[in-house]
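Presented below is the structure to which this report refers.
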């Protein structure tokens, strides 16, 4: 287990956690107690001074000669760039969430906890990416509107301002055409129709008055 000695830092005994980059280990509003005169090991939750004097509370996951690798438990990537050792302000010993005191996993336990959280994050991102790819694959090759009939049977075209055309399905905006003629289809309505099918429809209404009679 790699370790380094922190130089004593004044006025760093207690800080308030802000943000969700360390969730669920730390939560927004937690009161953290920091030891500024200690030995820090990989896996410890540390406080370091960032650009502009901001104090960042993240986990130390690697020690290199050029600097330190630090990352939030709820982040997919480490903090940008290596952190200089001189930027370290202290190590989080424990915290309070309301009136309840909690300990912070450190050392090898901290690394193990960090690894489990990263597996969950990466798995969740993988499922999201796979789902998005599957959605695009289905949308590009198959349209459910073939079961419902023609696209115009389930859609309503409404003229907006500045030449914008809105396509609504059951009162919800499904697609939008800007004044340049470019279509943007919102999720999940690409499963119902494509840009090509929208372009095949009858001439679009040229005004809001025309749109009232357009079906």
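The values are calculated or read from the model by the stated rules, or taken from the named source; none is laboratory data. All values derive from a computational prediction rather than experimental measurement. Cβ coordinates were reconstructed from backbone atoms using ideal geometry, including for glycine residues, and neighbour counts include every protein chain displayed.
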Legend entry - Single match in 101, 93, 109 (criterion: modelled with pLDDT of 85 or more, farther than 20 Å from residue 48 by Cα and in a strand (DSSP E or B)): 101
Inset, instruction - List every residue pair whose Cβ atoms lie under 7 Å apart, where the two residues are 6 or more positions apart in sequence or sit on different chains, the first residue falls within the stretch 161-189 and is on the phi > 0 side of the Ramachandran plot and in a strand (DSSP E or B), and the second residue, located anywhere, is modelled with pLDDT of 80 or more and surrounded by fewer than 13 Cβ atoms within 10 Å (Cβ to Cβ). - result: none
Legend entry - Subset of the stretch 20-43 (residues that are under 22 Å from residue 68 (Cα atoms) and within 24 Å of the chain's Cα centre (by Cα)): 20, 21, 22, 23, 25, 26, 43
Legend entry - Among (1) assigned to a loop (DSSP other than H, G, I, E, B); (2) at pLDDT 70 or above; (3) within 31 Å of the chain's Cα centre (by Cα) - the single one residue 143 does not satisfy: (2)
Inset, instruction - Return the total of residues in the stretch 28-82 being outside any strand (DSSP E or B) and within 15 Å of residue 93 (Cα to Cα). - result: 7
Inset, instruction - Any residue in the stretch 41-54 that's surrounded by 22 or more Cβ atoms within 10 Å (Cβ to Cβ): show its pairings with residues that are part of a loop (DSSP other than H, G, I, E, B) and modelled with pLDDT of 90 or more at Cβ separation under 8 Å, as long as the two are six or more apart or on different chains. - result: 45/22; 45/25; 45/26
